[in-house]
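See below for the structure under consideration.
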Amino acid sequence: MQYKLVIFDWDGTLMDSVPRIVSSLKSLAQHCQLPVPSTEAIHDIIGLSLPIALECLFDCHGDEAQQALIDVYRDFYVERDTTPTPMFEGATATLDYLKQSGYQLAVATGKARPGLQRAWLASDTEHFFLSSRCAKEVPSKPHPAMLEEILEETGFAKEQAVMVGDSIHDLMMAQNAGVDSIGVTYGVHSKERLQSANPKLIINAVAELRQHL
């Protein structure tokens, strides 16, 4: 496969942050006396922007009600929850390898911009990326706007780009944008679920990208 731009999802693709997201959302539910969602239900909304995720999990509508839940969630995720959020094994080395090999790299994430900045600071990885799009800056995945804006900003054609992600939302976004995709099985969705979005490839570890790109 000959691409020039590799666009990554963040949570569950580069950073092993899914357990902390799950823990924080369950803590939010308990704190707000809402039904506690299952781990599987939370996995299904990871990748979506937070207001839409909260609407799916808690049937929470309206900006004011959603913002109240968002504030509680961020307090747990940023301040209270101590679940580690390391980069996946081989992720940083793979980013370095791709960059040194001449690829341009970008991020398309359901995280808000402050969350991505915190993750970049903690992992010392911001310097790898030419472009990024976050929640609230464009419509939520699987809408194609994140990828369309990254392509416009970087000047690459959709045929020159590939999206790498762990959720069906990532791969459907790529499909909606006319961009090839690669699914990863170590995040939130199974190989079978990812295959329904017709990725070019499914891998079991991020380091496998070195063999295929």
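For region 38-103, the fraction of 1.4 Å probe accessible surface lying on carbon and sulfur atoms is 50 percent. For the chain, excluding the exposed loop sites themselves (trypsin sites (Lys or Arg not before Pro), DSSP loop, at most 16 other Cβ atoms within 10 Å), the longest remaining stretch covers 5-135. Pairs of Cα atoms nearer than 8 Å and 6+ residues apart set the relative contact order; for the chain it is 27 percent. Full extension of the chain between GLU79 and HIS212 gives 44.0 nm of extra length, using 0.36 nm per residue less the Cα-Cα distance.
The GNM of the chain, with springs linking C-alpha atoms under 10 angstrom apart, assigns the highest mean-square fluctuation among HIS189, HIS127, HIS169 to HIS127. In whole angstrom, region 28-86 maps to an equivalent ellipsoid with semi-axes of 18, 14, 12, each derived as √(5λ) from the alpha carbon gyration tensor and ordered largest first.
Reducing region 167-190 and region 108-158 to their Cα centroids gives an inter-centroid distance of 15 Å.
Before rounding to the nearest 500, sum -39500 (n - 2.57) across all DSSP H runs of length at least 4 in the chain and divide by the residue total; then give [θ] at 222 nm in deg cm²/dmol.
Taking each H run of at least 4 residues, the total per residue is -12500 deg cm²/dmol.
How large is the Kirkwood hydrodynamic radius of region 134-213, counting all unique pairs of alpha carbons, in Å? Radius from the Kirkwood sum: 12.7 Å. Taking only the Cα atoms of the chain, the radius of gyration and Dmax are 16.4, 51 Å.
Our compactness index for region 83-131, the C-alpha radius of gyration over the empirical 2.2 N^0.38 Å, is 1.16. Can you spot the aspartates and glutamates whose alpha carbon is less than 18 Å from LYS158's alpha carbon? Ignore those fewer than 8 places along the same chain. Leaving aside aspartates and glutamates fewer than 8 places away in the same chain, those within reach of LYS158 are ASP9, GLU148, GLU149, ASP170, ASP180. Of the residues GLN33, GLN104, GLN160, which exhibits the maximal mean-square fluctuation in a Gaussian network model of the chain defined by a 10 Å Cα contact cut-off? Looking only at GLN33, GLN104, GLN160, the biggest GNM fluctuation is shown by GLN33. Once the Cα-Cα distance is subtracted from the 0.36 nm per residue extended length, the ALA65 to LYS4 segment shows a gain of 17.7 nm.
Cross-link partners of LYS191 among lysines, defined as those whose alpha carbon lies under 23 angstrom from its own and excluding same-chain residues fewer than eight positions apart: LYS141, LYS200.
The values are calculated or read from the model by the stated rules, or taken from the named source; none is laboratory data. Keep in mind that this is a model prediction, so the values were computed, not measured. Counting neighbours? That spans all protein chains shown, and the Cβs are built from the backbone with ideal geometry, glycine included. For the accessible areas, the whole protein counts, side chains as well, though only heavy atoms, and no ligand, DNA or RNA atoms are used. Shrake-Rupley method; radii C 1.70, N 1.55, O 1.52, S 1.80 Å.
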